[in-house]
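See below for the structure under consideration.
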Amino acid sequence: MTHRTPTGGSIDRNTLLRFTFNGTEYTGHPGDTLASALLANGVHSIGTSVKLGRPRGVVAAGSEDPTSLVQVEAPFSEPMLLATTVELYDGLVARGLSGQGRLSAEPDPARYDAKHEHCDVLVVGAGPAGLVAALTAARAGARVVLVDEQNQAGGALLGVDEYLDDRPSAEWVADVVAELKSTPGVLVLERTTAFGMYQDGFVLALQKRTDHLGFAAPAAVARHRVWRIRTRQTVLATGAHERPVVFADNDRPGIMLASSARTFLHRYGVLPGSRAVVFTTNDSAYCAAIDLAESGVDIALIVDARAEAPARLSTECAARGIEVRAGQFVTGTEGSSRVEAVLVGDQRIACDTLLVSGGWNPVVSLFSQARGALRYDSELGAFVPGEELPTVRVAGSATGELDLTACTRQGRDAGAGAARAAGFTPGGQVPLPASDSRCTARSGLVLWRVPGSDDTSFVDLQRDSTVADVLRATGAGLRSLEHIKRYTTIGTAHDQGKTSGMIAAGIVAEALGVELGEQRPTTFRPPYTSVSFAALAGRDRGELHDPVRVTSIHPWHVEHGALFENVGQWKRPWYYPQPGEDLHTAVLRECRATRESVGLMDGSTLGKIDVQGQDAGKFLDMLYTNLMSTLKVGKIRYGVMCGVDGMVIDDGTVIRVGEERYLVTTTTGNAAKILDWMEEWLQTEWPHLDVHCTSVTEHWATIPLVGPRSRDVLAAVAPDLDVSNEAFEFMTWHDTTVAGVPARVCRISFSGELAYEINVTGWHGLTVWKALMEAGKPYGITPYGTETMHVLRAEKGYPIIGQETDATVTPQDLGMSWAVSKKKPDFIGKRSFARAENNRSDRKQLVGLLPVDPAVLLPEGSQIVETDRLPEPPVRMLGHVTSSYPSAALGRTFALALVRSGHDRIGETLYVPVEDALVPVTVTESVLYDKEGARRDG
Amino acid sequence: MTVSPLAAWTDRLAALAPALDVTEVPFRSQLTVRVSDPDAIAAMGDALGVRFPAVPCTFSAGTGEFGAVEVLWLGPDEFLVTASPDLQVTIEEVLRGALQDVRGSVVDTSAQRTTVVLQGPRARDVLAHGCSVDLHPASAPRGTCVQTLLARTGIVLQVNDDGYTILVRSSFAEYFAAWLADAATEYLAVP
């Protein structure tokens, strides 16, 4: 049996949409929501409640509905959608939920994106007040954005059949929207919910762009879009939500807000039932009753909680044979899957629908998020905006004003005020439409609940929270609404208490015997309605989740099968496996080739900073622990940087380029941090220094060429360069031509081998790399990755910042006292070196560890203990393994470790717990290979 | 042989037309200049034939000995000079000459960033998906120059008469291109 009216509603009756709900097929029309289509088919029972399993239906017609949660199964499974906000499409499959949905296990194929938008005036809500506000601002020449949650403008007008200027209100709405859309600089966003309002006019809004198209949604169009709106002025015309009255068994399907029933009638041509009882505290429900009666619903009775019913509306009801009883209350209901009778006093009235109106709550969520103070309006029984904000105006029923003409006047004033504040001059006034509305909700009675069974008097229908729960909270001594909200969970469901929060506050005030005006309302927080994580993530997923930084030589690495390691945002070649090789065999091969002949790696990711100015040397002397100003032009020095606490923060090389110019390198991961560090000291502490720092990290491609045959390879590609040990000493640099390209070649070694670092512009990196590979062929030149680099340097005891150090390690701990100047009067960290703590002999110090069994590889991070048997806990930990590798050069495994009093323990045997065993290790100096440095010069 | 950061992206970027015309202009000469002394700034401008921008967040353009040169305001004492390829060494010398012994610095940063020209009817829309700067002509007229974020990469953005010039760090160039191609998706399907 259909519950559709013969005519009316903004639905396309000529088109039939098929959909499936809880396994049964139904039909509806374009323009329907899932909720309206279900009601048209007589389906009121949507799901069951989360804790008690009680049947629940549709309470409201929009996003304030507390109960109609569904899981949409097709086209894509999505949980926790409100049937009242799901636009119907052909093939929709959904089922009712019991409070909790189920996330899809499949990846969501839809696009989600974001867009920034800027405007002078943002208007939230395209009801009558918002439309007039937007029109006023637009005519003044302001850039206007108008957002509205619904699929069509009109707001409250969509739910009534009233006339404006003697014609259907929809025509007036259409005219205004048409003018707005044709005005340059005006953006009208439908299906868009402003869900968050932040400082400085920043508003987030979610637009549902293709949901309503169902299976026909184009894949290329973002399904949801987060609009990131920055506005100078905002007009909130967010309307008001009708609230119910709480009474016993107030949760049965068929019990609905009166205005929502009216909306279902006028917007969707749907009748909520055949025989209805109306329970109200104000006038507005009379209009719903009269409209429904005229559409054929048998209105059994209007129960008006006020002592006197309104005279004129009562007369109108009498003319239609509707009985009105004043001063009475609905005290309970009966029914199973739907309301079957209403109890009024001791009378039982059979019906299939109960319409309730307890007054109106202005939607002040965004105003409150904008830090606007709220004020309790005792006549309205609701919180209303309590102050004016410099950049936020409120208009229409969101202020508590419920008369249509007054609302549009507020809209006009707010629109003009906002435009003026944004620097525009409104011209002539936008004419306000004349309304024929008969009902206003003013002069209502504030009534939160009808006494009855507290256990079945539901305050928050979604949370199954009752009056009994509220009284339990106040009985336990809770007074703050914030505490009671958390204790009872009222207002924490998907609807954030849109219909229940105010009532809960009222019941609490009554229970505590305080005035509501003295109560601070709970804080409104974003989002106003649910926003999916997919929408918030937008395009920041997959390859766009985090930028991947690559060097100019990257394509070669990919082509040659490199596996990559993430270092910060960089992709660095980790190792280059040949067929059949795993990490260990590849790295042993790369290490051996490099130590025995020649290898090369891509070092372009090293941070590089150009330091210029008369005081550059003085500046670097302060930043590094060692002396840099004495470095001669043409020379290079290794340096360590400490924080003010004397702990190592970075290391690298310093090249003196000219009298007043240096080039310093930083570790890959710290490039930006060290540049910031330099700028911070220059700008805050030493602004008098004539120094400027410029990042040139990506200007240069850097290629370390390493191994005893590196000199031969370099000679082959750099014909102008005298590569002899005498002409090109260790820790010097030369500008020359490499492979026909201008290059700066530095003799630096991070492996102990004879090595060069070739720097060319990024544009030449790939070409020069290929030339080196070609020139190195006779020597079996071998590209190596970060793993081999780590092994080679570890064999030499060179620490890696962030691996051997962790912000608690001093240069002295690393055995680098030689890099700490004794002469310099001051440098960052110097003062800390004098602290007693820094001079304790039992600090953790960097040492080498050789497992007694040369085949055992210690896991990095392993703890180190003193005894070969673990004592009762707590066990004293001496330190931990920082690096551990098998070594081709040593023919065994080895490790670096930070060990308490490590420098004094050399030669001792310590123990490393690995799974159930205690592995004995010998403590050695950290330098394990070529201690004499014989290999440095080739 | 030189290889530009977006060499591998030429075809994929060309496929974004006509909604979006994206062209990498590789190997441009670029020099980062730090200077605050007004006389030195004027001397540098004279040497290049283009007045350095005095207004924050703008760039100036001119033609002189080095052809068309642009000077971008990047900070209170920081400018980026851009010119045709292969001029960086000479321009660096000329700027050093103009700077003399006044406090400041000149650094060749030509390969630090690559240059991308973005035009077409959807250019502003596409940028709005990742850039929070208001690019409405009323707010960002021709000559605007800002350092900002596009999605998750820093960029320098110049507003031209017929579109935008974007400078992006070389290592981020492929991310930038991938982001651009993705952001244009909707405008290719629905012109």
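Computed from the coordinates by the stated procedures, all read-outs in this text should not be read as laboratory data. Please read these numbers as outputs of a predicted model, since none were measured by experiment. Heads up, the Cβs are rebuilt from the backbone with ideal geometry, glycines too, and the neighbour counts pull from every protein chain shown.
Taking amide H as placed 1.01 Å from N in the peptide plane, A:G879 has its amide H under 5 Å from the amide H of A:I864, A:R900, each at least 5 places away in sequence or on another chain.
Ordered by the number of other Cβ atoms lying within 10 Å of each residue's own Cβ, fewest first, A:W574, A:W172 fall into the sequence A:W172, A:W574.
As an exercise, identify the GluC sites (Glu not before Pro) in region A:621-730 lying in DSSP coil whose Cβ has no more than 11 other Cβ atoms within 10 Å. Walk me through the intermediate numbers first.
Details: sites: A:E659, A:E660, A:E679, A:E680, A:E685, A:E698, A:E726, A:E729; in loops: A:E659, A:E660, A:E698, A:E726, A:E729.
Answer by residue number: A:E659, A:E726.
Counting beta carbons within 10 Å around each of A:R371, A:R472 and listing the fewest first gives the order A:R371, A:R472. At a Cβ-Cβ separation cutoff of 4.7 angstrom, cysteine residues of the protein assembly as shown with no neighbouring cysteine are A:C119, A:C317, A:C351, A:C407, A:C591, A:C642, A:C693, A:C746, B:C57, B:C131, B:C145. 3J(HN,Hα) couplings calculated from phi for region B:9-22 with the Karplus curve 6.51 cos²θ - 1.76 cosθ + 1.60 (θ = phi - 60°) are, in sequence order, 9, 3, 5, 5, 6, 5, 5, 7, 6, x, 4, 9, 9, 10 Hz; Gly and Pro show x. Computed about the Cα centre, the dipole magnitude for chain A is approximately 720 debye when only Lys and Arg (+1) and Asp and Glu (-1) carry charge, each at its Cβ. Amide H contacts of A:V919 (H built 1.01 Å from N, in plane; Pro and chain starts excluded): A:V912, A:V914 sit under 5 Å, all sequence-distant by 5 or more or on other chains.
Helical content alone sets the calculated 222 nm signal of chain A at -6000 deg cm²/dmol, taking -39,500 (n - 2.57) per DSSP H segment of four or more residues and averaging over every residue. If you take all other residues with their beta carbon under 12 Å from the beta carbon of A:K498, and give Lys and Arg +1 and Asp and Glu -1, the sum is -4.
Once C-alpha pairs closer than 8 Å and six or more residues apart are averaged by separation and normalised to the residue number of chain A, the relative contact order reads 9 percent. Taken one residue at a time, the phi angles of region A:637-651 give Karplus couplings (6.51, -1.76, 1.60, θ = phi - 60°) of 9, 7, x, 10, 10, 10, x, 5, 7, x, 8, 5, 10, 6, 9 Hz. Gly and Pro are set to x.
Would you mind classifying chain B by shape? Square roots of the alpha carbon gyration tensor eigenvalues, ordered a ≥ b ≥ c; an a/c under 1.5 is rounded, otherwise it is prolate if a/b is larger than b/c and oblate if not. The shape class here is prolate. For peptide A:110-117, the mean count of partner chain Cβ atoms within 10 Å of a residue's Cβ comes to 4. Protection proxy ranking, highest mean first, for peptides A:252-260, A:199-207: A:252-260, A:199-207, where packing is the per-residue count of other beta-carbon atoms within 10 Å, averaged.
Amide H to amide H distances under 5 Å link A:Q233 with A:V121, A:L122, where only residues 5 or more positions off or on other chains count and H is placed in the peptide plane.
Rank A:V203, A:M256, A:A133 by how far each Cα sits towards the positive end of the charge dipole of region A:132-262 (+1 on Lys, Arg Cβ; -1 on Asp, Glu Cβ) and give me just the farthest. Highest projection toward the positive end goes to A:V203. The long axis of helix B:38-48 is offset from the longest Cα principal axis of chain B by roughly 70 degrees.
Peptide B:1-9 shows a mean partner chain C-beta count of 5 within 10 Å per residue C-beta.
Using 24 Å as the Cα-Cα cut-off, could you pick out the over-long pairs in A:K115/A:K181; A:K823/A:K931; A:K571/A:K931; A:K824/A:K931; A:K777/A:K931; A:K608/A:K635?
From the list (A:K115/A:K181; A:K823/A:K931; A:K571/A:K931; A:K824/A:K931; A:K777/A:K931; A:K608/A:K635), the Cα-Cα distance tops 24 Å for A:K823/A:K931; A:K571/A:K931; A:K824/A:K931; A:K777/A:K931.
Averaged over the residues of A:692-703, the number of partner chain Cβ atoms lying within 10 Å of the residue Cβ comes to 6. Per-peptide packing, taken as the mean over residues of other Cβ atoms within 10 Å, places A:550-563, A:860-873 in the sequence A:550-563, A:860-873 from highest down.
In region A:86-188, which trypsin sites (Lys or Arg not before Pro) are in a loop and have at most 13 other Cβ atoms within 10 Å, using DSSP for the loop call?
On the way: sites: A:R95, A:R102, A:R111, A:K115, A:R139, A:R143, A:K181; in loops: A:R102, A:R111, A:R143.
Answer in residue order: A:R102.
Starting from the Cα gyration tensor of region A:834-938, take the square roots of the eigenvalues, sort them a ≥ b ≥ c, and report rounded, prolate or oblate (rounded when a/c is under 1.5, otherwise prolate if a/b is larger than b/c, else oblate). Because a/c hits 1.5 or more and a/b fails to exceed b/c, region A:834-938 counts as oblate. Axis of helix B:88-99 versus longest Cα principal axis of chain B: the two differ by about 40°, to the nearest ten degrees. Within the straight-line cut-off of under 18 Å between alpha carbons, the aspartates and glutamates reachable from A:K844 are A:D645, A:E804, A:D806, A:D813, A:E860, A:E866, A:D904, A:E908, A:E925, sequence neighbours fewer than 8 places apart in one chain being disregarded. For chain A, the square roots a ≥ b ≥ c of the C-alpha gyration tensor eigenvalues yield an a/c of 1.5 or more together with a/b exceeding b/c, which makes the shape prolate. The P(r) of region B:29-110 has a tail past 22 Å containing 9 percent of all C-alpha pairs. In order along region A:71-85, the Karplus-derived 3J(HN,Hα) couplings, from 6.51 cos²θ - 1.76 cosθ + 1.60 at θ = phi - 60°, round to 9, 7, 9, 9, x, 9, 5, 9, x, 6, 9, 8, 4, 6, 10 Hz, and Gly and Pro are given as x.
When you count, for each residue, the other Cβ atoms within 10 Å and take the mean per peptide, how do A:709-716, A:22-29 rank with the highest first?
Ranking, from highest mean packing down: A:709-716, A:22-29.
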